[in-house]
Amino acid sequence: MFNNILIVCVGNICRSPMAEYLLRARLPEGSSKHVHSAGIGALVDKPADDTALELMQEQGIDASSHRARQVTQDMLASADLIMAMEEGHLERVHEIAPQIRGRAFLLCKWQNNQPVPDPYRQQRPAFEHAYKLIDQATESWLKYLGN
């Protein structure tokens, strides 16, 4: 099963933290799954974007402890499932760790593989749109993740 789940975007301050914390919140209490995130061009050690934090807080999700991390070959190799926001992210993670073929997918795989647009440096409506897509995608993945 998928016990080590890695979610990837670019900076690891907007989309992937929203997906990480939302998916964690949806897993059953006591789940053994490890959900984490990283960026292909991470703003290392930066907190999640204020607007992303605000949106999550409004849903009762506290992501204030998040700090951006750069994706590494080891992270990718140890992940059972890798979810990316865009095709370009999938291409990049496959360049970093070719052995992950068959374990990396778009987060919105079950929504016709649509990309989640990057809301970085945009107004709140862009974050709300990204959050809505992430919300739908994480809900769709639950049935495939097992207990």
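Could you check region 129-144 and list, in sequence order, the residues that are of a type in the set (Gly, Ala, Ser) and buried (at least 21 other Cβ atoms within 10 Å of the Cβ)? Spell out the reasoning first.
Applying the first criterion (of a type in the set (Gly, Ala, Ser)) to region 129-144 yields 130, 137, 140.
Passing the criteria: 130, 137.
Which residue out of 82, 40 is within 16 Å of residue 11 (Cβ to Cβ) and crowded, with 17+ Cβ neighbours inside 10 Å? Reasoning before the result, please.
Details: 82 fails: within 16 Å of residue 11 (Cβ to Cβ).
None of the other options fit; the residue is 40.
For region 70-79, name all the residues that are surrounded by 14 or more Cβ atoms within 10 Å (Cβ to Cβ) and in contact (Cβ under 8 Å) with a residue 60 or more places away in the chain.
71, 75, 76, 79
From the residues in region 80-94 that are outside any strand (DSSP E or B) and in contact (Cβ under 8 Å) with a residue 12 or more places away in the chain, which one is nearest to residue 16 (Cα to Cα)?
Residue satisfying both the conditions and the ranking: 85.
Does residue 68 meet the test of being within 24 Å of residue 88 (Cα to Cα), in a loop (DSSP other than H, G, I, E, B) and touching a Leu at 6+ places or on another chain (Cβ under 7 Å)? Reasoning before the result, please.
Working: within 24 Å of residue 88 (Cα to Cα): yes; in a loop (DSSP other than H, G, I, E, B): yes; touching a Leu at 6+ places or on another chain (Cβ under 7 Å): yes.
Answer is yes for this residue.
Quick one: which of 103, 124 is surrounded by fewer than 20 Cβ atoms within 10 Å (Cβ to Cβ), of a type in the set (Lys, Arg), touching a strand residue (DSSP E or B) at 6+ places or on another chain (Cβ under 9 Å) and at pLDDT 95 or above?
Step by step, each of 103, 124 is checked, and only 103 is surrounded by fewer than 20 Cβ atoms within 10 Å (Cβ to Cβ), of a type in the set (Lys, Arg), touching a strand residue (DSSP E or B) at 6+ places or on another chain (Cβ under 9 Å) and at pLDDT 95 or above.
How about region 110-119: which of its residues are touching a strand residue (DSSP E or B) at 6+ places or on another chain (Cβ under 9 Å) and under 19 Å from residue 38 (Cα atoms)?
115, 116, 118
In region 95-124, what residues are assigned to a helix (DSSP H, G or I), more than 13 Å from residue 137 (Cα to Cα) and either among the small types (Gly, Ala, Ser) or in contact with a Leu (Cβ under 9 Å, 6 or more places away or on another chain) (or both)?
Matches in region 95-124: 96, 99, 100, 124.
Which members of region 1-17 meet the condition of being in contact (Cβ under 8 Å) with a residue 60 or more places away in the chain and buried (at least 20 other Cβ atoms within 10 Å of the Cβ)?
5, 6, 7, 8, 9, 10, 11, 13, 14, 15, 16
Restricting the search to region 6-60, which residues are part of a helix (DSSP H, G or I), closer than 17 Å to residue 138 by Cα, more than 8 Å from the chain's Cα centre (by Cα) and charged (D, E, K, R)?
24, 26
The values are calculated or read from the model by the stated rules, or taken from the named source; none is laboratory data. Here the structure is a predicted model, which is why all the values come from computation and not from measurement. Please note: Cβ atoms are built from the backbone with ideal geometry, for glycine as well, and neighbour counts cover all protein chains shown.
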